[in-house]
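Q: Let me give you the structure first, and then I'll get to my questions.
None of the figures in this text is laboratory data; all of them are computed from the coordinates on show. In this text, all values refer to a predicted model and were calculated from it rather than measured experimentally. So basically every Cβ, Gly included, is an ideal-geometry build from the backbone, and we count neighbours across all protein chains shown.
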Amino acid sequence: MHDDPVSKVLAALTKATGEQPAPCGDGGASKCPAHDDHSPSLSIGEGDEGKALIRCFAGCTAEQVVGGIGLWLTGGVHSVA
């Protein structure tokens, strides 16, 4: 079961992209589902209080990323500008 925000995002990315995110720190790196990505530009990690931090280095917003994997922003997912 994936109860923590980071695990939920990583599981949704795997389902949406068909590829498991590469382990990176306390999260992972993945192709971004919000744009035509050919190499991993998305970083997912754990922030304060266990919240998932999402950053697309190509400039996609957290809203675009989570929308692309069938999730939505809540108190457990934050964007890093």
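Q: Where is the GNM fluctuation largest for the chain (alpha-carbon springs, 10 angstrom cutoff): 52, 62, 16?
A: The residue with the greatest mean-square fluctuation here is 16.
Q: Give me the extension gain from residue 22 to residue 35: residue separation times 0.36 nm, minus the current Cα-Cα distance, reported in nm with one decimal.
A: Values: separation 13, 0.36 × 13 = 4.68 nm, distance 1.83 nm.
Length gained between residue 22 and residue 35: 2.8 nm.
Q: For region 50-67, in order, what is each residue's ³J(HN,Hα) by Karplus, 6.51 cos²θ - 1.76 cosθ + 1.60 with θ = phi - 60°, in whole Hz (x at glycine and Pro)?
A: Whole-Hz 3J(HN,Hα) from phi for region 50-67: x, 5, 7, 9, 10, 9, 9, 6, 8, x, 5, 7, 4, 4, 5, 5, 5, x.
Q: Select one label from (1) 0.94; (2) 0.91; (3) 1.03: the one whose number is Rg/Rh (Cα atoms, Kirkwood Rh) as derived from the coordinates shown.
A: So the structure-derived entry is (2).
Q: Determine which residues of region 8-26 fall in the zone a paramagnetic label at residue 64 would reach in this model, i.e. backbone nitrogen under 18 Å from the point 7 Å along Cα→Cβ.
A: Hits in region 8-26 for residue 64 at 18 Å: 13, 17.
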